[in-house]
Structure formats: structure tokens, C-alpha cells
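Chemist: My questions all concern the structure below.
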């Protein structure tokens with residue numbers, strides 16, 4: 001039975017079941033969890049299976065049948081035990097679990113976002129997943145699968161109306177004023193052609209290759225037996241004895257693996273961000289994207305701790321940037337999962353689009369007009385010695401070609417020194433004041449660039465670090481901690497670092513607005 005809007009006002013502890021269609025969600029959910037967690041742990045078994053088992057087809061079918069049967073049985077039992085209740089005390093209660101029974105209690109006041117996801121398997125029947133994100137804890141996330149879209153939207157309205165009633169009067173007045181000032185809706189649509197470029201810019205392919213690194217020796221032996229020998233024979237026939245066929249075979253295989261990794265990275269990007277749409281109105285973001293699951297993410301601007309603008313080497317070649325709006329996240333093993341769920345990502349933007357989007361939030365933002373203050377030149381001297389000179393000198397002692405060691409060490413020094421200089425030139429900070437509010441932009445990078453933009457009152461702490469030689473030169477390095485990440489500015493003059501620390505802490509302590 002589907003849940004309708006009338007059930008929202010049901011009395012306390014009126015436990016409800018979700019629609020039988022929710023069984024499809026549980027199957028997909030636990031399948032993805034198995035691929036992400038269980039399959040990685042089973043990689044050694046899979047390597048042994050591929051390289052050692054003789055009758056792979058038969059035993060593969062047996063293993064697949066056992067896995068599917070176990071998955072379907074577990075999902076059915078999980079569905080039978082799943083119950084939820086929306087109480088009059090403004091709480092969301094969940095009873096779930098098969099072997100380990102769990103009771104989850106999530107208060108409306110702890111809900112950071114109410115997101116609506118429309119998976120492809122729910123689209124024909126008009127159902128969605130209603131997702132309640134709690135600040136800072138992935139374990140406290142509550143999902144009501146297979147509910148109607150009207151129910152999910154009314155639950156979102158009920159939660160946000162309750163949270164608005166609990167806000168201090170100062171914050172309510174500030175929010176109301178913001179709504180008066182911002183009535184027009186801004187929008188951004190990113191084409192799938194651009195989304196494919198994000199697959200080239202992201203590091204998902206590198207992570208996939210890194211995951212199989214521990215089993216590379218076994219994999220190489222298997223590939224050598226099955227493929228490299230055949231490719232080598234082909235090159236011997238085509239190229240004769242004038243070329244090293246084995247070298248060409250290995251190079252061909254490496255190129256194929258790189259193309260496969262890039263293809264997977266692009267495919268994963270399209271699945272995540274397909275038909276990307278972003279809207280901004282009344283200080284709220286709404287993002288809709290996804291191929292297999294049309295996921296709707298809503299974020300209030302006051303929940304955003306900082307905005308990160310970054311561009312790596314590939315992105316610089318493509319003249320594109322990635323923008324992230326970061327919310328509060330906790331540490332620990334689940335922090336990365338929580339960061340991914342609560343981070344609004346604008347995957348691939350041009351420089352003009354970056355400025356336009358940032359001006360929705362900060363009307364003063366113009367990347368071409370940011371006058372950054374540089375860090376002290378002592379940082380360049382120190383990094384040149386430690387990261388360019390010393391490695392180059394050390395390499396000269398270990399190179400066997402003694403007649404070339406000086407030239408190779410010199411070439412290495414020039415390359416490393418150039419990278420150190422680029423890193424030094426990227427470091428900088430810009431302090432901006434607008435309508436009585438103060439903002440900080442911190443820049444870093446090397447070949448690419450990384451900006452972090454935040455309002456000073458959202459700082460959690462500010463501290464300085466100074467070594468013995470830095471103290472003798474009157475220098476300090478500055479670190480500002482936020483609820484989502486932090487900003488690091490090295491080698492500032494002591495008076496500048498002390499001023500930024502004192503001014504930041506004053507803003508954080510005196511501003512009545514909530515950083516959450």
C-alpha cells in the first residue's frame with residue numbers, strides 16, 4: 001500500500017509499512033553496498049578464481065545463483081521488518097534490520113536536508129525515495145523508499161516549517177529579509193557532453209586502478225599468459241625481427257587499460273550527473289541529476305560552510321572548473337560518504353559560469369578582480385631547498401651513469417624548482433567586506449588552482465604555527481578550521497597572521513547567526 005499525504009497527520013506511534021514496490025529499492029540498495037564494500041573485500045578471491053579455477057563458467061554460475069538467492073531473501077526479510085512512524089513530537093522513527101534489529105530516532109531539528117530521489121525503477125509508477133539527511137552523521141540518515149511524490153514534498157515542507165519555527169528571531173528576520181531581496185530564480189543546465197568531460201577531469205579512474213594495485217602481480221601473470229603472448233605473436237608477424245614485439249605488446253595492453261579506465265570514469269560521471277539541472281531561489285539550491293536515479297538535492301545557503309572552486313591539470317587543458325558547496329560533516333570512516341551525500345557539486349563549469357554561479361551567492365565575487373595578498377618569499381626559499389635542491393643532489397649520488405649524473409641532477413632540479421615556484425605563486429588570500437559582512441578567499445595550487453570561499457563567522461577555530469626559524473624571521477602559518485574542511489595560509493608576517501586570527505574569532509563570536 002502506498003503512503004499518501006493524509007497519513008502525515010497520523011497519531012504518534014502509528015507504525016506504517018512502505019509500499020511493496022520498496023522491495024525494488026532494497027534490492028538495488030544492498031546490491032550497490034555489496035559492490036562497493038563486499039566486492040572490494042572479495043577481490044583476492046576473484047583474482048584466485050580468474051587465475052586458478054579451471055571450470056570458470058560452471059562455478060561462476062553457481063556462485064552467481066547463490067549470491068542472487070541470498071540477496072533476494074535478505075531484501076525480502078528486510079522489507080518485512082521495515083516500519084516507520086512520524087510522531088506528533090516531530091520525530092522520525094524507523095524500525096529495521098534482519099539479524100540485527102535497529103531503532104532509529106531522528107528529530108526534525110537534526111534534519112539538514114530532505115531530498116527526493118526518483119530511481120528509474122520507480123518512474124513508471126510515480127514513486128520516489130524521501131531521504132532525510134542529518135547533520136554530520138551518515139548513520140543517522142533516514143530513507144523512506146517507495147512513497148508518493150506528494151507525500152515526500154509535504155514531509156519536506158513539514159520538516160522545514162518546524163525548523164523555521166525553532167530559529168531565533170534574529171535569524172528569522174535575516175532570512176525573511178533575504179527572501180524579500182531574492183525573488184528571481186537563477187538556473188543552470190549542464191549538457192551531457194560537458195558532463196562527459198568531468199569523467200576526464202575526475203580521479204575515479206585512478207582510484208579504480210589503485211584498488212587493484214595489490215593484485216597487480218597476479219593480474220600481470222594472467223594477462224601475460226592469455227593476451228600478451230598473442231599480441232606479441234601478432235607483432236612478430238607484422239613487424240618481423242626489426243622491432244621488439246614484447247615491448248609493443250605491453251604498450252598496447254597498457255593503452256587498452258587506460259582507455260577502459262577512462263571509459264568507466266566517463267560512464268560513472270554520466271550516471272551520476274546525467275541531465276544536470278540547478279536552480280537557486282530564496283537562498284536555496286535545488287539540483288536534479290542522475291541517469292539511473294533522478295536525485296533531487298535541496299540545500300539552504302545558510303547550511304553551506306564554504307565553497308570550493310578547483311581545477312586540476314586535465315581541467316585546465318579543457319578550460320573547465322569544478323565547484324563544491326560543502327556542508328557540515330563529521331570525521332571518522334563515514335565522513336567521506338557523508339560528504340558525498342551532502343555536497344552540492346557543480347561538476348564542469350566554464351570560467352564565466354563559475355563567476356555567474358558564485359554571484360548568486362556572493363554578488364561581489366569576480367575572479368578577475370580578486371586582489372590576492374601573496375605569502376612571504378621565505379616559503380619559496382624553504383621549499384626550493386627541501387623539495388628541489390636536496391632531492392636533486394641525492395639523485396646525483398644514486399645514478400649509475402656517472403658521466404651523466406650532474407646533467408640529470410641539474411635537469412631534475414630545474415623541473416622541481418619550477419613546480420615549487422608555481423606552488424609559491426598560487427598561494428594567496430583575499431579579505432572582502434560587503435554590507436557589514438566579511439569574507440575570505442584562500443587560493444593554492446601548482447599547475448591547477450584551488451579556491452576556498454567562506455564567510456568569517458562560520459570559522460570554528462583559528463590558530464597559527466611557527467617554527468624556530470620562522471619566529472626569528474617574524475613569520476607564521478595560519479590555519480582556519482571550518483565545519484567542512486579548512487583553509488591554510490603559510491608564511492605570513494606575524495602581525496598579519498595575528499590580525500586575521502583575532503578578526504576571524506571576533507566575527508565568529510559576535511555574529512548571532514547560526515553557522516548550521
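Chemist: For residue 447, work out the one condition from (1) more than 27 Å from residue 358 (Cβ to Cβ); (2) surrounded by fewer than 15 Cβ atoms within 10 Å (Cβ to Cβ); (3) touching a helix residue (DSSP H, G or I) at 6+ places or on another chain (Cβ under 9 Å) it doesn't fulfil.
Modeler: (1)
Chemist: Among 456, 475, which is in the same structural domain as residue 314 (by TED's automatic domain parsing) and more than 28 Å from residue 359 (Cβ to Cβ)?
Modeler: Only one candidate passes the filter, namely 475.
Chemist: Identify, please: which residue in the range 486-495 is out of contact with any helix residue (DSSP H, G or I) (no Cβ under 6 Å at 6 or more places or on another chain) and crowded, with 17+ Cβ neighbours inside 10 Å and is, among those, farthest from residue 457 (Cα to Cα)? It would help to see each step written out before you state the result.
Modeler: Within the range 486-495, the first condition is being out of contact with any helix residue (DSSP H, G or I) (no Cβ under 6 Å at 6 or more places or on another chain), and the residues that meet it are 486-489, 492-495.
The next check asks that each one be crowded, with 17+ Cβ neighbours inside 10 Å; those that pass are 486-487, 489, 492.
Numbers: 486: 13, 487: 14, 489: 18, 492: 21 Å.
Checked the range 486-495; the qualifying residue farthest from residue 457 (Cα to Cα) is 492.
Chemist: Let me ask you something else. If only one of 440, 410 is over 30 Å from residue 304 (Cβ atoms) and touching a helix residue (DSSP H, G or I) at 6+ places or on another chain (Cβ under 8 Å), which one is it? Lay out the reasoning, then the answer.
Modeler: Numbers: 440 fails: over 30 Å from residue 304 (Cβ atoms).
The unique qualifying residue is 410.
Chemist: Right, next: When you go through 390, 422, 404, 414 one by one, which is the residue that is modelled with pLDDT under 85, surrounded by fewer than 16 Cβ atoms within 10 Å (Cβ to Cβ) and out of contact with any strand residue (DSSP E or B) (no Cβ under 8 Å at 6 or more places or on another chain)?
Modeler: Numbers: 390 fails: modelled with pLDDT under 85; 422 fails: modelled with pLDDT under 85; 414 fails: modelled with pLDDT under 85.
After ruling out the rest, the residue left standing is 404.
Chemist: Right, next: Output the number of the condition that residue 79 fails; it satisfies all remaining conditions of (1) surrounded by 15 or more Cβ atoms within 10 Å (Cβ to Cβ); (2) at pLDDT 90 or above; (3) in contact with a strand residue (DSSP E or B) (Cβ under 6 Å, 6 or more places away or on another chain).
Modeler: Condition (3) is where residue 79 drops out.
Chemist: Identify all residues within the range 497-516 that are more than 28 Å from the chain's Cα centre (by Cα), within 18 Å of residue 372 (Cβ to Cβ) and in contact (Cβ under 8 Å) with a residue 40 or more places away in the chain; write none if there are none.
Modeler: 500, 503
Chemist: Are any residues in the range 124-155 modelled with pLDDT of 85 or more, surrounded by fewer than 20 Cβ atoms within 10 Å (Cβ to Cβ) and outside any strand (DSSP E or B), and if so, which ones?
Modeler: Correct list: 124, 125, 126, 149, 150, 153, 154.
The values are calculated or read from the model by the stated rules, or taken from the named source; none is laboratory data. On a predicted model such as this, the values are computed, not experimentally measured, just so you know. Backbone-built Cβ (ideal geometry, glycine too); neighbour counts: all protein chains shown.
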